[in-house]
1. Starting from the Cα of residue B:370, step 7 Å toward the Cβ, then list every residue of region B:307-347 with an amide N under 11 Å from that point.
2. With an 8 Å cut-off on Cα pairs and a minimum separation of 6 or more residues, tell me the relative contact order of region B:307-370 in percent.
3. Starting from region A:35-107, pick out the chymotrypsin sites (Phe, Trp or Tyr not before Pro) whose DSSP state is loop and whose Cβ has at most 14 other Cβ atoms within 10 Å.
4. Sort A:8, B:78 so the one with the fewest other Cβ atoms within 10 Å of its own Cβ comes first.
5. Which percentage, to the nearest 5, of the DSSP beta bridges contained in chain B is antiparallel?
6. If amide hydrogens are placed 1.01 Å from N in the peptide plane, which non-local residues have theirs closer than 5 Å to the one on residue A:67?
7. Would you look at the GNM of chain A, springs on alpha carbons closer than 10 Å, and say which of A:23, A:62, A:242 moves the most?
8. Plugging the Kirkwood radius over Cα pairs into Stokes-Einstein for region C:4-69, at a temperature of 4 °C and a viscosity of 1.567 mPa s, what D comes out in µm²/s?
Amino acid sequence: MIKHEHLSLKYMRREVLPTAFCPGCYNGIVMNALFQAFEELGIYDLRKYVFVSGIGCSSWIPSPYIKADSLHTLHGRAIPVATGVKLANPELEVIVIGGDGDLASIGGNHLLHAARRNMDLVVIMINNLVYGMTRGQAAPTTPKGMVTPTTPYGNPEEPMDVARLIANTNANYVARWCVSQYLFLKNSFKKVLGEIKRGFRFIEVYAPCTTFVIRRENKTPGQKLKELMNTCIGYEKWEKLPAEERTKHIPTGVFREEDKPGFLDNYKQLIARLKR
Amino acid sequence: MKRMFLSGNEAVAYGAIDAGCRFYAGYPITPSSEIMHMMAKLLPEAGGVFIQAEDELAAINMIIGASWAGLKSMAATSGPGFSLMQEGIGYAVMTETPLVIVDVMRAGPATGQATKAAQGDLMQTRWGRHGDQYLVVLAPESPQEAYDLIIEAFNISESLRTPVVFLMDEFIGHGREVVFRKEPGEIKLVERRRSSDHEPLFGSDDPRIPPPMPRLGEGYYVLVTGSTHNEYGYRDVHSFETHYKLVRRLKEKIWGNIDKVFKYEVIGDPGRAEKAIVCFGSTCRSAKEAVMGLDNVLLIRLITLWPLNYDLLRELLSNVRLVVVPELSLGQLIYDVQQVIDSGIKVVGVNKVGGGVPIYPSEIKKALEV
Amino acid sequence: MGKTYVVDVNGLLCKGCGICSEICPRKALVMDSVNPATGYPNPKLVGECIGCKLCMWFCPDQAIVVVEKR
Ligand SMILES: Cc1ncc(C[n+]2csc(CCOP(=O)(O)OP(=O)(O)O)c2C)c(N)n1
Ligand code: SF4
Ligand code: SF4
Ligand code: SF4
Ligand SMILES: [Mg+2]
């Protein structure tokens, strides 16, 4: 019997499957949404796309699973490497995929400055609330009070709202979706890959780590996914909630959307001025 | 050939442009900033890209990305910035990324004396990173040599697919002299070997021959990783064989090509000399003055500081009874000399650092009188 | 009207996480016995599939596919 195949597989390196991710890890769902966006845009071959990642579970998505050029860089340094690639060859579409620790903690400065420059990159940050790869320590996104190996008495710090922080910069596009909001997420990917094709485009995916967040709550990844379908709401709705209700919900949506010239457009203008 | 009057820093920038460098990322720091200023001016005119990075961590990683996208790339910095770049340089070694990193040395540690010359980063250029890693270190003694040698630095980085550290000090960086700038036709340029379909991108049968390197976007589905990888780029973070084979090959790629990359200058007759001076960079200028008229002193100026040809150094020093090693530091190169001489031969360091005070020829002369 | 669907499972990719069976609005999927090739249980279609594709979207391991029967 000829079996049908998942649409994602044509974008993946089959010889290394199944992935090294834990059973039920949401990273694979983000991949599905991304690949479905490519498919719906009619992009079947990724040879003009370069994926750049840092260190962490989510950084393994492109390296080695995506069948495209990929640079698996140092912890936190995906954005500068991606910047170098894009500036050296503007023909390439450069996509960064990384974790909340990688992009917002150790690489946080690069994130801010790439956004400020409106650098022509797509950045996908998987916020799994912890450092998954190193066994679930607290990240800058870890909710206050959460117990992890480095916060055994509960996290004393306030988490960082990365999407809203970046929304206050010069970036062209900023959105946050929960992994449960699959169609919104896929449509955001389509937007930044097919429509707004320049400037800094940042998508945060709220996707708690199955092993070090969900299992610690004694839940299954399926149960958590269904729970997220209720806890993740549009930010306009979230803003109208009373304060004590807000902490129980995740505000999602598109925080910023523009199509102004990116870094490269401005750089090209400067070169053109030189030639005159 | 064009006659110019340039500082070492300016000469580096012109040399880099003439070597085909088309991407620069950096963060301002004394005493290297003039390189950055020049590149900001020259690169857009040459059709290249200049970007001021948010820090040196970004700078080194930007040039890594640009190199994989196909451009010859450079970053220049000084002490504190060079320290921040170390992890990225290690990544470039592991991924065999051609780059040139210029370190214009100032007095350290920490912020030290930002405007004052020193030579205390020598060991850091070799051993500043974690793990087993080897690269090439070159050191000019004048603006003219800075110009010529930076072109060579790019050629070596391309031919061996390796980062090359270009080590200067503040005296050379800021000192101005006549420099002859070559015309395009007068320069021999080396380009990295491009890919053919069947060759692996991270392995070769002969470790001295680096694997080919495609540009991103050419359809090779390149897997670049700083983690241990097999010859096709696939991560293997468990097996002894893969790791051992990889780091051995990367080491052999540098040391096995020592004949191609080791450069030095000798003044005097090794057969007749009783005494010797071993030096690099700006201190050699005082040393050269010190040996003028002395026919029993051998002067060995190391232009390549890594890999170091210990056998050759041993041979050159085999007949002398005294070696003087002047350094603008508390002594680092002296360890190399101590490694190759027989016991009984005296090794004397002339060490000074700070305040922008040079080592005077008279001080070297005095040391030779021992 | 009256569309029917095929649900194919790739037993070698499935890690038995159970997301598909928990997310299925029709409770049409149950986790079956352990696949000896992987050591993980695989889902099996036991009810009526309405073709919503939730299981396919949310399968992290690209192991389940839903297609309309022709
Ligand atoms: C400079 C440096 N510091 C620390 C580490 C160890 N380390 C590896 S992954 C990681 C955290 C990854 O967390 P995140 O980026 O959120 O990715 P996740 O695994 O959660 O997807 C850390 C701290 C490292 N590799 N490099
Ligand atoms: S540790 Fe968490 S993020 Fe990492 S693979 Fe496992 S479930 Fe996914
Ligand atoms: S969601 Fe996928 S991996 Fe998980 S049990 Fe179902 S088919 Fe298997
Ligand atoms: S497509 Fe929908 S109804 Fe059919 S099995 Fe999957 S989740 Fe259930
Ligand atoms: Mg994380």
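1. Backbone N within reach: B:322-326, B:345-347.
2. Relative contact order here is 36 percent.
3. A:44
4. A:8, B:78
5. Percentage antiparallel, nearest 5: 30.
6. Placed amide hydrogens put A:12, A:13 under 5 Å from residue A:67.
7. A:242
8. 112
Read-outs: derived from the displayed coordinates by stated rules, not from any lab. As the structure is a computational prediction, the values presented were derived from the model and not from experiment. Because the Cβ atoms are built from the backbone with ideal geometry, glycine has one as well, and the counts that use them run over all protein chains shown.
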